[in-house]
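These notes concern the structure reproduced below.
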Amino acid sequence: MQEIENEFLRICADESGGALCRIFDKRRNKELLWQGAENSWTGHDVVIFPFVARLKDKTYTVGGKDYSMNNHGIVRYSVLEVCERKETSLSLRLSSGAETLKRYPYPFVFTVTYILDKNSLSVRYRVENTGKSDMYFGVGGHPAYIVDCDEKDAVDDISGNSILFDGVQKPVRYVLDKAGEFITDVTPPFELSRIELNKELFAEHKTLIYGGIGGNVRLLKRGGESIDFDLGGAPYMAVWSHERRGGYVCVEPWWGLPDFADDGREMEKKRSVRKLESGKTFECGYTAKYN
């Protein structure tokens, strides 16, 4: 476990998976990141690479050969090394090797960096193609933020929390199948300025996935506290919570999508996959400001 802090925030990230496991607000003496529960989601965050969400049959093909990959890729199941640590920043790295190449046949170096600046946390992802051919991948975040919640006998009440957008957006929504696994449809652009959060919403939609969100996004809690997200130009944003239990919501910037229901297995032909040429580097990330 690695910890960094400044006068506003203290964060912890785990070398196992590289993800955040604490975001502690020192001003209010309270935890901001969901700490997991057996009757809901036991996690806190996921570093997503090299595929976002689910592959059909957990299988894809490169060069005519089948490979298997679990939900959200391989970083979350790997142990990363600390490659740089300063007072208010931390970088964790995973380099390809014999084990990763069994599941993902591209040589790479992946780095996630956490940077504190006053009451903001920036999360940066860096993907280096160290192989001799093009590589194909997706990347993204999965932080689960605590929201105001009333625990109920059957379904917890998170109503009164909301997500606000800069002005009226005109995104598309990627519609998942009933199991919440694969994309079956894409809506025409529609007007969206606010999402009112409740567990019924997630029981109906499993995960909300939008494309084309511009500007900043605010998670406004029932009691008035808020988190402002700069999504860093992410082409997709997902919103997720357990459909019954847990006072949290995930606001997830994605550079990739789950499989479409009619996608084939060839990795390079998947509709949202990114291509990175040999020797090139891709960098992206997001920033959360805790108000």
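When the residues of region 4-34 are filtered to those that are in contact (Cβ under 8 Å) with a residue 24 or more places away in the chain and polar (S, T, N, Q), which remaining residue is farthest from A144 (Cα to Cα)?
N6
Looking at L219, L201, L197, can you tell me which residue is in contact with a Phe, Trp or Tyr (Cβ under 7 Å, 6 or more places away or on another chain) and either among the small types (G, A, S) or at pLDDT 95 or above (or both)?
When all the criteria are applied, what remains is L219.
Yes or no: S91 under 22 Å from the mean Cα position of the chain (by Cα) and free of Cβ contacts under 8 Å to residues at least 40 places away in the same chain?
Yes; evaluated as a whole, the condition is true for this residue.
Every residue in region 107-127 that is closer than 21 Å to M267 by Cβ and surrounded by fewer than 20 Cβ atoms within 10 Å (Cβ to Cβ), please.
P107, V109, R126
Kindly provide the set of residues from region 207-265 that are closer than 19 Å to V123 by Cβ, of a type in the set (G, A, S) and outside any strand (DSSP E or B), ordered by number.
Residues satisfying the conditions are G215, G232, G233, A234, G256.
Quick one: in region 266-291, of everything that is of a type in the set (A, V, I, L, M, F, W, C) and assigned to a strand (DSSP E or B), which residue is surrounded by the most Cβ atoms within 10 Å (Cβ to Cβ)?
A288
Taking region 60-90 as the search range and keeping residues that are of a type in the set (A, V, I, L, M) and out of contact with any Lys or Arg (no Cβ under 9 Å at 6 or more places or on another chain), which one is nearest to V123 (Cα to Cα)?
Ranking the qualifying residues of region 60-90, first place goes to L90.
What is the residue count in region 1-31 for residues that are closer than 19 Å to E81 by Cα and either in contact with a helix residue (DSSP H, G or I) (Cβ under 8 Å, 6 or more places away or on another chain) or not β-branched (V, I, T) (or both)?
Qualifying residue count for the region: 14.
Quick one: in region 171-196, which of the residues that are in contact with a Pro (Cβ under 7 Å, 6 or more places away or on another chain) and of a type in the set (A, V, I, L, M) is surrounded by the most Cβ atoms within 10 Å (Cβ to Cβ)?
Restricting to residues being in contact with a Pro (Cβ under 7 Å, 6 or more places away or on another chain) and of a type in the set (A, V, I, L, M), the top hit is I183.
Within region 154-179, which residues are touching a strand residue (DSSP E or B) at 6+ places or on another chain (Cβ under 8 Å), over 14 Å from L197 (Cα atoms) and assigned to a loop (DSSP other than H, G, I, E, B)?
K170, P171, D177
The values are calculated or read from the model by the stated rules, or taken from the named source; none is laboratory data. Just so it is clear, the model here is predicted, and its values are computed rather than measured. Glycine also receives a Cβ, built like all others from the backbone with ideal geometry; neighbour counts cover every protein chain displayed.
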